[in-house]
Every structure is written in C-alpha cells, then in structure tokens.
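Just passing along the structure, written as structure tokens.
Values in this text are rule-based calculations from the coordinates and carry no lab data. Since the structure is predicted, the reported quantities are computational estimates derived from the model, not experimental observations. With ideal geometry, Cβ positions are generated from the backbone for all residues, glycine too; neighbour counts draw on all protein chains shown.
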Amino acid sequence: MAYDQDNLKACLKCGPACQGFTKHPWRMTCTTCRCAYDEHDITDTSNQILLDELELGESPFYKGYVEAQKLAKQFGVHWLPIGIHSNEVDSFINSLSANEIPRGENADKLRRRRLRRQIPPQDRKPAVAVEESWHHRVNSQLPDANHSLESELREANRFRNSRNRRDFGVGNVEHMNQDAGQPCAECLNNIKFGEFCVRVRPEHRAVEAVSGAPSSDARDFAPAWHLECFRCGTCSEQLVDYCYAWSGGRPYCLRHYGQLIRPRCATCDHLIFSEEYTRAMDQEHHTGHFACRSCDASLTGQRYILRDDEPHCLGCYEAKFANTCEQCKEKIGCDSKGGLKPEVGITSLVRDMSEPTRNAVYMSSNQSNVRFHPICSMPHVLGPGCRVVQAWQCDTIKDLSFKERHWHEKCFKCSSCTTSLADRPFATKEEQLYCSDCYDDRFAARCDGCQGVFKAGMRKYEYRGQQWHEECFLCVECKQPIGAKSFIPRENQVVCVPCYEAKYAQRCTKCTEVIRRGGVTYKGNPWHKECFTCTNCAKQLAGLKFTSKEEQPYCADCYGDLFAKKCTKCTKPITGFGGCKFISFEDRHWHSECFSCGKCNCNLVGRGFLTSDDMIMCSDCGR
C-alpha cells in the first residue's frame, strides 16, 4: 500500500531512470517505473506508538513496550526491547551484530523500512483499510463495488481481534536462567547460561517430539531464541522491535501471518476480506484489481494476453505489442474464433454454513471442496454459497518469428507450394520462405555426377569447382566410390590410386615397379632415384655429374677410369666435364693446362713448339 507522502521517493532498483515514486490510485506499483513501492526508498513515517496503531493499548505488554522506548530515548538509540533495564543497555547493544545496533541514521532507516514491510499500514487497522478500499472501488465503479461493506468489515474486525488477542506478541529479552542452557528454537544451538535470549508470551508454546515415542506423546515447551535468530518463519527477516504473530508453533512478521490466514491481493497489497475474489497467474486479487496493466480495465471473466508476465486486455495488447504479419500485413493478435481455457483455477472466499463464526481459507474451481479452517485445522465442506469467479487467458495466439520478422501461423507458409511451415524445416531466399523440398528444387546445389540436389545432412565432395554426392564421387576406371581415400586427377577425371598405378603410372626402367615419388628421367626413360646408379660402382647418380657409354650411365670417376684418354703429362683422365679443353698431337693427349714446355714450363696452347723424343719445348728452349 502506498501513500501520497511516498511520492518522489527514489527507486532502489532503477536508480536515475525513475524520477521518483508516483502513486497509482490502487496498485502498489510506481506508475513511472512499475516497480513495487517497497523497491523504492520508502520507509515508515508514522511517529505514533506502534502498539497504538495496532489498537493494542490494553494488551499486557503495552506498558513494557512504552517504557522500553522511553529508555531507548535516554540512551540515544531508536529502540530497545521489553525486559532490558537501564544497567543492561550497554551490555545488550554490545550483544548485537554491528548492522543491528539501533543507533544512527542508517539504523533508523533500516528499522523504518522493516516496519513498513513487516507490519504494513493496511494490516495495522484492517477495517479502516477495507473501508477506504471499498469507497475507492465504488467511486471507480470496479466490478466488485457492490460487495457488502458490512460483511468485509465484519471479517476484517474478526481477523484483527483474533490476531491481537490471541496471536500477537512482543518478544521479551532476558538472561538465560537455566544452568544447562536451552537450544535455540531457530538454529538449535545451545543458548548458554547468562546469555541474552528472546522469549515469547507464555501461552505461545512450541511443540517438541519425544524421542522414541509416538507423535501423540509430543510435549510443548517455552521456546527461546538467540537475539539474531528471532526471525519470521516465512521471510526469515529479523523481526522488527521483536513484534510477532504466533502461528503453528513459530513466530511470523505480521505481513506473513496475515497471508497464512487470508489471501493478499497481489495488485494492491491489501488482505482480502470479501467473500469473492479472483485467482489468476497463481496469485490472488480483489475481483476488480485483476486488471489490464495498460488501461486498468478489469480482466475478471475476460480474455487477456501475458506480456513480460503482465496481463493485458486484447485491445491494449494489439495496440501496444502486437507485431505486423509479413504476409498479410495485419496485426498478429488473439484469434477471436479461438478456444479459451482457464489460465488457472480461480478461487472464491466462502463462509462455512455450519459454523458462521469461522471462515474457510479459499477454494479452487479445479480442486476438491474440502478445505480447512485457518485456525483449528478441522476439515469442513464448503456450503452452497460458493461463487467461483474465472479469468481467461487467450490460448490460440501464435506469433511465429524469424530474424525479427513475424507471421501469423496461418501465413507462415512456403511461397512456392503454400504448404504450412509451422513446426517444419524451411529456408529463405531473397526474403521469401520455402519448404525444404521447394528450396532444393529451385536453389540447392546439384551434384555434377547425377545432377541431384544436396539435402541437409548429405556429404559433399568438391574438387576444382565441381561437387559430388558421396556415392557419385567415383573412380573413372573402376567406378568405385573414392570417399575420403586418395585419388589422382587425369584429364578432368579422378582415378583412384590402385587404378592409376595399374594403368597410367610410370614404371622404373630398371626394376619395373611404379614410381610413386622422387623419380628421374634419362633419355626419356623413368627411373627410381635409388635405381638410377653408375653401371660400374652402383653409386646413385641423381644430383651428380655423370655420362654414358653405350647407353649405360657411369659416374664421372668410373667413366674417366674406364674410358677417358689419359693426359701425357699428369696421366689423369681427360673427361671433358665442365667444358674441359685438351690438346692432341700424334697419339698423345694433354689437358690444356698441362700442354707446356718441358724445360721452362710455359704454356704452349696456341704457340709453336718443338718435339724432342717424348718432350715438347717452346721455340726458345728448343734452339
């Protein structure tokens, strides 16, 4: 519930994006950012004594609570619990964790936020909140405006009286007085003798099972808590001012205690005391409060569509959110001819006819009508006064999207054969949709072997701009699939290695085996490198100088030794390798560098010379 004084409070979630809380007439959310009021920097601003607001002035703990707050002011803290004496204040504060010490601006804000959250203003005086809400519904002409105010006030007062007289309490702080201590009712760790602990009203008892005994022998006991363990059984928040309401053997904050007894409207945050209310989206609402998030029109009994978990009437949804169909250019809204289904089982609060002072919790249209009283847990059957209110959710809208484009389900079809593509594979080409068959027929790549298309999942083999199915990629000779095996191209055809070697591969002139790599050619004949050797010494000739004799290869050394002329002077072979020149005279031969005067050793190439027996001499030495 929000108030006028909450306006412009900063949003703790949106930050600067929200200019501040703006109150809605009946929603608990900000009209600017749509965050709930408790997500803004909103605290409890009341300066009235809390127990006065709860109308607990005559309760047995009222005087102790007021005295504790007077003592708190004397010590400069925002709050102290019942049971603390002036000589124990410092010891008590030192027992608290640093963030729970009730001193300073931040501690005051934390306490006031807890007060607002745990003890909502609308729960403090529920009858006053009911009357204010009823007048608003009448003025706004909401669908449940004709509900009986008298009936709601009666239920609200009954709820308040039951809570205040029987279940409400304020925790009392005392020193543990049992020598052996006592287990904490929350964490089960022992509270030692002399430690501060929290205790509740004597009539608020916890139940403890007796070991080895049937459940009927369980005994109740007076529970105690560590200071930091006295928390709400639902939200686990530390209970503000140690105020609690007792239910089922444990304490709760007043907010969650109320929700154990009555449903709470998820829209306005008030407890619902009317005999009829709406249940939708797994939440409860006043009948007129389950409304379109855009225009606030009631959706009870109406069709609606969810957008980001918020309900919208069909008109607002189509105006604000519906996409335009790429095919027909119409808005993709909710099909008015489509069927409806209940979004959830809708519930109504009813009164048990056999016991008019008790109330059933609520019933659901799709559940049994046997329910339990909120207090005594005794089953009873709902009487004939049950009225079920239903909200409906549109079930037929289908917005099919692909790459930020949208279609009606009926418009999402192949542009060639018009077959529906919903829940079927499809492809796009130039902004058009095609079923897989039509796309393959028109645009899919085709096999160069069989001219068939390549469908999804097929293997495709490519070579030199051509492509084949796996079964079409064949050896031109043996017609067997090549697959992932090696192959050799021949005249734009592919040949498997065995066929190529059998029919086209070169074979060594010497050993006649296939030359797979590293061969040499000599005088048009192929050889393995290791087979192309000197005829005399068998040295491999690949990469070496060699010559031949009678078509047989010889290395330079063997050829010189076996067949070359010998120099008359140095007696070494004259091979002619490297452009070597030699001189011949009569039956004798010389290297050009060895053709020199036998006396002065001058070179005689191109000069006249004389001979004397086996010696040649220059003209000067021969005189």
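When every alpha-carbon pair in the stretch 565-618 is counted, what percent end up more than 12 Å apart?
Details: 895 of 1431 pairs.
Beyond 12 Å sits 63 percent of the P(r) for the stretch 565-618.
Now for a separate question. State the extension gain, in nm to one decimal, for the chain segment bounded by S619 and V476, taking 0.36 nm per residue of separation less the distance between their alpha-carbons.
The span from S619 to V476 would gain 43.6 nm if fully extended.
Moving on to the next point. Take the Cα atoms of the stretch 519-560, find their three principal axes, and give me the spread along each one in whole Å, biggest first.
26, 18, 14 Å, listed from the longest principal axis down.
I'd like to know which of Y500, N603, Q552 lies farthest towards the positive end of the charge dipole of the stretch 498-623, counting +1 on Cβ of Lys and Arg and -1 on Cβ of Asp and Glu.
Checked the options; the winner is Y500.
Separate question: What distance in nm separates the two pseudo spin-label positions at D399 and C235, each 7 Å out from Cα along the beta-carbon direction?
3.5
Stretched out fully, how many nm does the piece from R165 to T611 gain, at 0.36 nm a residue minus the Cα gap?
Here the answer is 145.1 nm.
Taking 22 Å as R0, compute the FRET efficiency from the Cβ-Cβ separation of R517 and D448 and round it to 0.05. Let's see the in-between values first.
Values: r = 30 Å, r/R0 = 1.35.
Efficiency for this residue pair is about 0.15.
If you take the beta carbon distance between N47 and E431 as r and set R0 to 60 Å, what does 1/(1 + (r/R0)^6) give as a FRET efficiency, to the nearest 0.05?
0.35
Find the all-direction average of the projected area of the Cα convex hull for the stretch 507-623, expressing the result in square nanometres with one decimal place.
9.0
Beyond 24 Å between alpha-carbons counts as too far, so tell me which of K503/K545; K9/K70; K73/K109 fall in that bin.
Among K503/K545; K9/K70; K73/K109, the Cα-Cα distance tops 24 Å for K503/K545; K9/K70.
Within the stretch 584-603, list the residues whose amide N lies under 15 Å from a label point set 7 Å along Cα→Cβ of K565.
584-596
Can you sort D90, D561 so the residue with the fewest Cβ neighbours within 10 Å comes first?
With the sparsest Cβ surroundings first, the list reads D90, D561.
Between K549 and K455, how many nm apart are label points set 7 Å from Cα along the C-beta direction?
Output for this residue pair reads 7.4 nm.
For D309, D108, D269, D440, which order do you get if you count the other beta carbons within 10 Å of each Cβ and list the fewest first?
Listed from fewest to most nearby Cβ atoms, that is D309, D108, D440, D269.
Which pairs in the list K529/K572; K572/K599; K510/K572 are over 24 Å apart, alpha-carbon to alpha-carbon? Before the final figure, lay out the partial values.
Working: K529/K572 30 Å; K572/K599 21 Å; K510/K572 32 Å.
Too far apart for the 24 Å limit: K529/K572; K510/K572.
What's the exposure ranking of R231, R464, going from fewest to most Cβ atoms within 10 Å?
The fewest-first ordering by Cβ neighbours comes to R464, R231.
Right, next: Would you list which aspartates and glutamates come within 19 Å of K413, measuring only between C-alpha atoms, while excluding same-chain residues fewer than 8 positions from it?
Correct list for K413: E326, E330, D335, D399, E404, D423, E430, E431, D437, D440, D441.
Describe numerically, in nm with one decimal, the distance between label points set 7 Å from Cα along Cα→Cβ at N7 and at T32.
That separation, rounded to one decimal, is 1.2 nm.
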